[in-house]
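Have a look at the structure below before the remarks.
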Amino acid sequence: MKKLRVVFLCAAAISALAVATYLVAADDQHTKNAHAVAAGVDNGPLTNATVSFGAWMTSPPLDRFPNVSNTRTSNHHVVIPDVAKIKAGGTVNFIIAGFHQVIVYDDGTQPSDIDITNTVLPTNPPTPPPALIADPNRRIYRGLDPSLQPADRVEVVHFEKPGTYLVICGVLPHFQAGMFGFVRVLP
């Protein structure tokens with residue numbers, strides 16, 4: 001009888017601990033969601049999108065270990081998808097693979113609007129140094145200098161207002177080869 005009472009008390013204590021843990025976790029999630037809502041962030045569909053900004057080739061096979069291969073000639077200069085869709089207040093994760101620079105231009109900007117004569121050189125350029133587009137007209141975001149960054153990284157950009165935003169690779173020859181896309185921000 002004494003053993004049964006000990007087993008029962010242990011089971012009751014474990015159950016109470018499990019319920020308390022669940023309630024604390026639920027309260028933490030509720031608080032997190034309340035903060036997100038107060039900040040105007042929705043956690044539902046179309047609040048986040050992923051865009052591949054460059055892609056490593058696999059034909060011919062590419063061995064990037066131990067980081068000595070010539071990756072400049074082993075990269076597709078693409079933005080995938082061509083059009084990412086999110087809701088206003090959402091974010092886009094630009095997953096960057098290679099020597100690329102994310103630049104975002106305001107609603108309605110078209111590739112033909114970009115002044116490709118307005119350029120700067122990277123801080124620590126490869127040889128030969130490609131120019132970086134520096135056109136500030138209607139630019140709302142310019143990413144990091146790719147010459148100072150690892151070849152693989154993520155930049156997350158918040159889009160507050162509805163519209164269709166032009167996203168380009170700021171590396172001039174990449175943009176000239178068609179490396180751009182759009183983010184469509186829905187109301």
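The values are calculated or read from the model by the stated rules, or taken from the named source; none is laboratory data. Note that the structure is a prediction, hence the values are computed from the model and not measured. All Cβ positions, glycine included, derive from the backbone under ideal geometry; neighbour counts span all protein chains shown.
Looking at Ile114, Ile103, which is the one that is over 22 Å from the mean Cα position of the chain (by Cα) and either of a type in the set (Lys, Arg) or under 18 Å from Tyr165 (Cα atoms) (or both)?
Ile114
Looking only at the range 114-130, which residues are under 18 Å from Phe99 (Cβ atoms) and touching a residue at least 24 places away in the same chain (Cβ under 8 Å)? Please lay out each step first, then the result.
Pass one, the range 114-130, residues under 18 Å from Phe99 (Cβ atoms): 116, 119-130.
Within the range 114-130, Ile116, Thr119, Pro122, Thr123, Asn124, Pro126, Pro130 qualify.
I need every pair where a residue in the range 47-62 that is in the same structural domain as Val79 (by TED's automatic domain parsing) has its Cβ under 8 Å from the Cβ of a residue that is part of a loop (DSSP other than H, G, I, E, B) and of a type in the set (S, T, N, Q), sequence separation at least 6 or different chains.
Here the result reads Trp56/Ser74; Met57/Ser74; Leu62/Ser69; Leu62/Ser74, each pair linking the range 47-62 to a residue that is part of a loop (DSSP other than H, G, I, E, B) and of a type in the set (S, T, N, Q).
Looking only at the range 165-182, filter to residues that are out of contact with any His (no Cβ under 7 Å at 6 or more places or on another chain) and either farther than 20 Å from Pro136 by Cβ or outside the structural domain of Gly89 (by TED's automatic domain parsing) (or both); which one of those is surrounded by the fewest Cβ atoms within 10 Å (Cβ to Cβ)?
For the range 165-182, the residue satisfying everything is Pro173.
Which of the following residues is aromatic (Phe, Trp, Tyr) and either more than 21 Å from the chain's Cα centre (by Cα) or at pLDDT below 95 (or both): Phe8, Phe53?
Phe8
Which ranges mark the strands (runs of 3 or more DSSP E) fully within the range 65-154 that have 1 or more residues being modelled with pLDDT of 95 or more, among the acidic types (Asp, Glu) and surrounded by 14 or more Cβ atoms within 10 Å (Cβ to Cβ)?
102-107
Checking Phe175 against (1) in contact with a Ser or Thr (Cβ under 7 Å, 6 or more places away or on another chain); (2) of a type in the set (Phe, Trp, Tyr); (3) in a helix (DSSP H, G or I), which test does it fail?
Answer for Phe175: the failing condition is (1).
Six or more apart or on different chains, Cβ under 6 Å: which pairs go from a residue in the range 134-153 that's farther than 22 Å from Asp106 by Cβ to one that's of a type in the set (Phe, Trp, Tyr)? Could you list them?
Note: pairs meeting the criteria are Pro146/Phe99.
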